[in-house]
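Visitor: This is the structure, below, for whatever I ask next.
The values are calculated or read from the model by the stated rules, or taken from the named source; none is laboratory data. Please read all numbers here as calculations on a predicted model, not as lab measurements. Every residue, glycine as well, gets a Cβ built from its backbone with ideal geometry; the counts of neighbours run over all protein chains shown.
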Amino acid sequence: MAALVEVLLVERVVVRVARVDIIGRVKNVENPPFRPTVPSYSEVLFSLEYYRLMETCWSEAPSARPDFKHIIDTLKTFAGRR
């Protein structure tokens, strides 16, 4: 879900790790699982709601991750409150 953070921050977050390295690390099932470095909430420029959505997308349990429809609906809800 680095893409969500990149959209919200309007910049690349995963700049220190090449895409091929990310794919390899995911395929190798690292323990703990590889996660891109994301600024802590206090350093980001978007609301806690977006940050929490991103965190749920990275849940260790696949069944706890939201599906794409839920992500879109949630983003629409956030956008409607502005």
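Visitor: Checking the conditions here, which among 74, 56 is touching a Pro at 6+ places or on another chain (Cβ under 9 Å), modelled with pLDDT of 75 or more and either within 27 Å of residue 18 (Cβ to Cβ) or exposed (fewer than 12 other Cβ atoms within 10 Å of the Cβ) (or both)?
Guide: Working: 74 fails: either within 27 Å of residue 18 (Cβ to Cβ) or exposed (fewer than 12 other Cβ atoms within 10 Å of the Cβ) (or both).
Of the residues listed, the single one that is touching a Pro at 6+ places or on another chain (Cβ under 9 Å), modelled with pLDDT of 75 or more and either within 27 Å of residue 18 (Cβ to Cβ) or exposed (fewer than 12 other Cβ atoms within 10 Å of the Cβ) (or both) is 56.
Visitor: In this structure, does residue 42 turn out to be modelled with pLDDT under 65, surrounded by fewer than 10 Cβ atoms within 10 Å (Cβ to Cβ) and part of a helix (DSSP H, G or I)? Outline the logic, then answer.
Guide: On the way: modelled with pLDDT under 65: yes; surrounded by fewer than 10 Cβ atoms within 10 Å (Cβ to Cβ): yes; part of a helix (DSSP H, G or I): yes.
So residue 42 passes the test.
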